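Input: a single structure, listed below in structure tokens.
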Amino acid sequence: MGAIFACAAFAAGAAVGPNVRAVPPDQLPNYWVMTNTSLNVDVPNSGVNLSKPTCAAVTYMIGSDGMTHDIVVRETIPAGDLKSVAASAVKDMHYVPGANNAARQPVFTYIIIPFNLPADPATRKKIADACTLKDFPKAYR
């Protein structure tokens, strides 16, 4: 099942309607708050760049049920098999409505997932910043 999901998640792009509010990651807690304290993630035993410092940018929709939908990995730098791990992580995220979302309005957002980051804060930031989706949401609907 995980392999089937991972293949579907990498489609050219999920169709997120224009009526779904796009929310940048820094504003997401106003609309939805993640409740997970840990994530159940599928990790391959072997693959390309699994141990390299990497970031992945993943767009997704949070539905009125607080579950993630329309998951698409947009960037993985450097390219490699951590793409499937990023999709698996987002698939397992669960949310409750934030302070500005009593109506449980679905939103379209993205997250940057870092992997194998070094201890140096400046280097960590540089790696994560490489996956910022500068033209979000226009280019990603």
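So, of the residues in region 113-141 that are without any contact (Cβ under 8 Å) to a residue 60 or more places away in the chain and among the aliphatic types (A, V, I, L, M), which turns out to be nearest to I77 (Cα to Cα)? That would be I113. Filtering G98, G66, G80 for residues that are farther than 17 Å from Y140 by Cβ and in contact with a helix residue (DSSP H, G or I) (Cβ under 7 Å, 6 or more places away or on another chain) leaves a single hit, G98. Candidates are the residues of region 29-47 that are at pLDDT 95 or above and touching a Gly at 6+ places or on another chain (Cβ under 6 Å); the one that is surrounded by the most Cβ atoms within 10 Å (Cβ to Cβ) is W32. Being within 25 Å of N19 (Cα to Cα), at pLDDT 95 or above and either among the small types (G, A, S) or in a helix (DSSP H, G or I) (or both) is a property that S64 has.
Among the residues of region 90-112, just one is surrounded by fewer than 15 Cβ atoms within 10 Å (Cβ to Cβ), among the small types (G, A, S) and in contact (Cβ under 8 Å) with a residue 60 or more places away in the chain, namely A99.
The values are calculated or read from the model by the stated rules, or taken from the named source; none is laboratory data. The structure displayed is predicted, hence computed values, not measured ones. So basically every Cβ, Gly included, is an ideal-geometry build from the backbone, and we count neighbours across all protein chains shown.
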